[in-house]
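Engineer: Dropping a structure here in structure tokens format, bear with me for questions.
The values are calculated or read from the model by the stated rules, or taken from the named source; none is laboratory data. Remember, predicted model here, so these are calculated numbers, not experimental data. Quick reminder, even Gly has a Cβ in these numbers, built from the backbone with ideal geometry, and neighbours come from all protein chains shown. In case anyone asks, the SASA skips ligands and DNA or RNA and just uses the protein heavy atoms, side chains included. Shrake-Rupley method; radii C 1.70, N 1.55, O 1.52, S 1.80 Å.
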Amino acid sequence: MGTDTVRTDAADEAAGRRREQRGWYFYDWACSVYSTSVLTVFLGPYLTSVAEEAADADGFVHPLGIPVRAGSFFAYSVSLSVIVAVLVMPLVGAAADRTGRKKPLLAIAAYVGATATTAMFFLGGERYLLGGVLLIVANAAQSVAMMLYNSYLPQIAPPEERDAVSSRGWAFGYASGSLMLIVNLVLYLAHDSFGVSESTAVRICLASAGLWWGAFAIIPLRRLRDRRSTGERTGKTPGAMGFRQLAATIRDMRRHPLTLAFLLAYLIYNDGIQTVISQASIYGSEELGLGQSTLIGAVLLVQVLAVAGALGMGRLARIYGAKRTILGSLIAWTVTLAAGYFLPAGAPVWFFVLASGIGLVLGGSQALSRSLFSHLVPPGKEAEYFSAYELSDRGMSWLGPLLFGLTYQLTGSYRDAIISLVAFFIIGFALLARVPVRRAISDAGNPVPTTI
């Protein structure tokens, strides 16, 4: 009877875990439309056009009296959003680990981001400053929410399941982005048939991402559950400043130098990934002279292939290990980005070929990085450590957009700006290759999977 009870309890626990995992997938489904439709496709070109409308004769806008080339305003806004996130994420992460109450914090961050995104409907004319503020708020909120969301992974999936669970989450997100992009494409291309202008169609697409985000966030918020905190009590108050708490987290990471080494590699190569995602539409429209419908079609192709890529790379990781699979993806990123420098202007076919290469490695490289890092986090400090991880995730990187924007400002060439990002993949590859992940997992106090 005792054995039957144990089996029943184990079955109930597994069923509860699967239910929670399914709910967890749906946050990727909810928020990925923001990353795809807003950050990757519509907001960059649209906000740039709004800034150009407000620019002076020399092509500069002057937020707070600072001269900024209109073509760099979007990149600088993305970069500034990370400064805000740096202040907030470590504070929220430490509070979540101390109290064990991640879900209310996730709800606040998700709905602040969704509200700011929905408010993008009111962009128009020369309101570039409003667009910059809403972008900063939405990006920072998304960063905080993703940090909390990611920190659930080691709690809802045992070590042997994490690569698969993380990959499925990314696949859900890319499937969601694909679905909404199809709707956006129909509205944008047939805006006259719907009786709206092109500008209004874009603003509807932006706002719809916020509504989608808020609506589907309800599912994970109903299914995920808070857990009693098991981390150390450090005596620091949740009111500590963000930079101070981040410094405290980094100091704690010094006791796990291999975890810190992986994070450094990730921060660098993911800066490159996220900058390509956020700036690709600018490159396509401004440098290659491609129309908005072509850009939407290319991003849709990326989304579709990224679903297959995330699931396929998850299977490769089960055979070759997550680290080797990620390293292979970084080689592919380097080759693809270098090829992008030579793309001829006005040739959408080659832009679609480039998009195909990006799509096949995009989801997998991000999903496996997330699951690999989850093995390196000391138990009880998931949110705090993922706050540092999230600094470079989901388009929130600051160094890449800053380099992209500065390169364009200095050279006036988007080709020079895009090729400058190759350095992130080369350096990230070199750093990741040096990390002994098995020893890193053991040193963090976690069980080492058979294949990693």
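Engineer: Using +1 on the beta carbon of Lys and Arg, -1 on that of Asp and Glu, and nothing else charged, what's the dipole of the chain about the Cα centre, debye to 20?
Structural biologist: So the magnitude is around 1700 debye.
Engineer: Take the Cα radius of gyration of the range 311-372 and divide it by 2.2 N^0.38 Å, with N its residue count; two decimals is plenty.
Structural biologist: 1.25
Engineer: Whole-Hz Karplus ³J(HN,Hα) for the range 342-351, in order, using 6.51 cos²θ - 1.76 cosθ + 1.60 and θ = phi - 60°, x for Gly and Pro?
Structural biologist: Rounded to whole hertz, the list is 9, 4, x, 5, x, 10, x, 4, 5, 5.
Engineer: Across 10 Å bins from 0, what is the distribution of all Cα-Cα pair distances for the range 283-386, in whole percents?
Structural biologist: Spelled out per bin, shortest first, that is 15, 37, 28, 16, 5, 0.
Engineer: Here is a further query. If I model a spin label at Arg22 and Ala433 as a point 7 Å from the Cα along the Cα→Cβ vector, what separation in nanometres do I get?
Structural biologist: Distance between label points: 4.4 nm.
Engineer: Starting from the Kirkwood Rh over alpha-carbon pairs, what translational D in µm² s⁻¹ does the range 300-452 have by Stokes-Einstein at 25 °C and 0.890 mPa s?
Structural biologist: Stokes-Einstein gives a translational diffusion coefficient of 144 µm²/s.
Engineer: Per the helix-only calculation at 222 nm, which mean residue ellipticity applies to the chain, given -39500 (n - 2.57) for every DSSP H run of n ≥ 4 and division by its residues, nearest 500 deg cm²/dmol?
Structural biologist: -24500 deg cm²/dmol
Engineer: Related question: Can you run phi through the Karplus equation (6.51, -1.76, 1.60; θ = phi - 60°) for the range 331-336 and list ³J(HN,Hα) in whole Hz, with x for Gly and Pro?
Structural biologist: 4, 5, 4, 4, 5, 5
Engineer: Can I ask one more? To the nearest 20 Debye, how big is the dipole of the range 60-183 about its Cα centre, given +1 on the beta carbon of each Lys and Arg and -1 on that of each Asp and Glu?
Structural biologist: Here the size comes out at about 220 debye.
Engineer: With viscosity set to 1.567 mPa s at 4 °C, what whole-number translational diffusion coefficient in µm²/s follows for the range 291-344 from Stokes-Einstein and a Kirkwood radius over Cα pairs?
Structural biologist: Calculated translational D: 101 µm²/s.
Engineer: Another question, then. Just how large is the dipole of the range 1-136 about the Cα centre, in debye to the nearest 20, putting +1 at every Lys and Arg Cβ and -1 at every Asp and Glu Cβ?
Structural biologist: Dipole size: approximately 480 debye.
Engineer: Name the residue from Pro379, Ala70, Gly44 whose Cα lies farthest towards the positive end of the charge dipole of the chain, charges +1 on Cβ of Lys and Arg and -1 on Cβ of Asp and Glu.
Structural biologist: Pro379
Engineer: Restricting the calculation to Cα positions, tell me the Rg (one decimal) and the Dmax (whole number) of the range 35-155 in Å.
Structural biologist: Rg then Dmax for the range 35-155, in Å: 16.2, 55.
Engineer: Give the accessible area for Glu53 in Å² (nearest 10); use a 1.4 Å probe, count only protein heavy atoms, and leave out ligands, DNA and RNA.
Structural biologist: Glu53 has an accessible surface of roughly 120 Å² with all protein chains in place.
Engineer: How much accessible area per residue does the range 1-152 have, counting only protein heavy atoms and a probe of 1.4 Å, in square angstrom?
Structural biologist: On a per-residue basis, the range 1-152 sits at 37 Å².
Engineer: Now for a different question. Less than 14 Å Cβ to Cβ from Ile441, Lys/Arg counted +1 and Asp/Glu -1: what total charge do the surrounding residues give?
Structural biologist: That works out to +1.
Engineer: Please compute, for the alpha-carbon atoms of the range 256-336, the extent along each of the three principal axes and give them in descending order in Å.
Structural biologist: Rounded to whole Å, the extents work out to 47, 26, 19 Å.
Engineer: FRET efficiency for Leu179 and Leu129, Cβ-Cβ distance as r, R0 = 30 Å, nearest 0.05?
Structural biologist: With a Förster radius of 30 Å, E is 0.40.
Engineer: Stokes-Einstein D for the chain at 25 °C, 0.890 mPa s, Kirkwood Rh over Cα pairs, in µm²/s?
Structural biologist: Calculated translational D: 111 µm²/s.
Engineer: Helix 399-411 versus the longest principal axis of the chain: what angle, 0 to 90°, nearest 10, using Cα atoms?
Structural biologist: The two axes meet at around 20 degrees.
Engineer: The chain: longest stretch without exposed chymotrypsin sites (Phe, Trp or Tyr not before Pro) (DSSP loop, at most 13 other Cβ within 10 Å), sites themselves excluded?
Structural biologist: With a cap of 13 other Cβ atoms within 10 Å, the longest stretch comes to 1-193.
Engineer: Of Asp252, Asp58, which has the most accessible area and how do the rest follow, probe 1.4 Å?
Structural biologist: Final ranking, largest accessible area leading: Asp58, Asp252.
Engineer: What are the equivalent ellipsoid semi-axes of the range 28-86, built from the alpha-carbon gyration tensor (square roots of five times its eigenvalues), in whole angstrom, biggest first?
Structural biologist: 25, 15, 6
Engineer: So, one more: Residues of the range 406-446 with amide nitrogen under 13 Å from the 7 Å Cα-to-Cβ point of His62?
Structural biologist: Residues passing the 13 Å test: none.
Engineer: Accessible area of the chain with a 1.4 Å probe: how many percent of it is carbon plus sulfur?
Structural biologist: Whole-percent figure for carbon plus sulfur exposure: 65.
Engineer: Rounded to the nearest 0.05, what FRET efficiency is calculated for Val349 and Ser197 with R0 set to 30 Å and r the Cβ-Cβ distance?
Structural biologist: 0.55
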